[in-house]
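S.K.: I'd like to ask some things about the structure below.
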Amino acid sequence: MTIVLISVKANGEEESVPRISQQDKARNRQNIVDAASRLFRSRGVDRVGIDDLMKAAGLTHGGFYNHFPSKDALAVEVYGAAFERSLGLLAQESADGPDEDGTVVTRVVNGYLSPQHRDDPDGGCPSASLCIDAWRQDDEVQSAYATGVHGYLDGFAGELTREHPDLTPAEIRERSVRLLSELVGAMVLARSIRRVEPELSDEFLETNRRHLAD
């Protein structure tokens, strides 16, 4: 809902001055974050201008600074929100436990290294879609990415511990690091050649799916 304030001009005439509600402001902010999440993943932070970003959010350029002091500050929020959502899905998989499709790790591997995930870079897991861009950003943005990486390692470690109670914490940690590295590496390679070498792209997915799900 938009609140309308009445102000009085110097000549005594009244004029209406629209003022958005807190609900509208929160919705506009979320629209900016959602648009940035898509654009940052598909183009990279540095290749997205404020004009393009606000147009994608359905807002005007000047409104950006009512919500964020800088594009870097927005990037920090985008990275954090993207990982929060992705890690939430991982937590739900873990809570569901094993089923007819296999263990939790097997389901995660098969879903991550799927053609559907590969072909949706602007909406897929941020561990792969944002990793190439993260090293170009400032320390705050990199820290947001690192926090997400730690979240994945912790999530994998918890599940691997349940699946392999005989392994030591050091072995679990090593497997978690390898699992995330191989998932992200395979996805980045598969996406990087998808249009010009579709068969090789599929091979990266299929080979790593088969290896990691064993």
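Read the figures in this text as sums done on the coordinates, not as results from a lab. Bear in mind the structure is a predicted one, so any value in this text is a computation, not a measurement. Note: ideal-geometry Cβ built from the backbone for every residue, glycine included; neighbour counts use all protein chains shown.
S.K.: Over the residues of the chain, compute the C-alpha Rg and express it relative to 2.2 N^0.38 Å.
M.R.: In units of the 2.2 N^0.38 Å rule of thumb, it is 1.29.
S.K.: Given the rule -39500 (n - 2.57) for each run of at least 4 DSSP H residues, summed and divided by the residues of the chain, what is its mean residue ellipticity at 222 nm, to the nearest 500 deg cm²/dmol?
M.R.: It lands at -21000 deg cm²/dmol.
S.K.: Residue separation times 0.36 nm, minus the C-alpha to C-alpha distance between Ile132 and Ala26: what's the value?
M.R.: 35.2 nm
S.K.: At most 11 other Cβ atoms within 10 Å plus a DSSP loop assignment makes a site exposed; report the longest stretch of the chain without any exposed trypsin sites (Lys or Arg not before Pro). Write out the running numbers ahead of the final one.
M.R.: Numbers: sites that count: Lys9, Arg136, Arg195.
The longest such stretch corresponds to 10-135.
S.K.: Segment 69-136: which GluC sites (Glu not before Pro) are DSSP loop and have at most 10 other beta-carbon atoms within 10 angstrom?
M.R.: Passing both the DSSP loop test and the Cβ count: Glu100.
S.K.: Further question on the same structure: If I model a spin label at Glu199 and Thr103 as a point 7 Å from the Cα along the Cα→Cβ vector, what separation in nanometres do I get?
M.R.: Label-label distance for Glu199 and Thr103, simple model: 3.4 nm.
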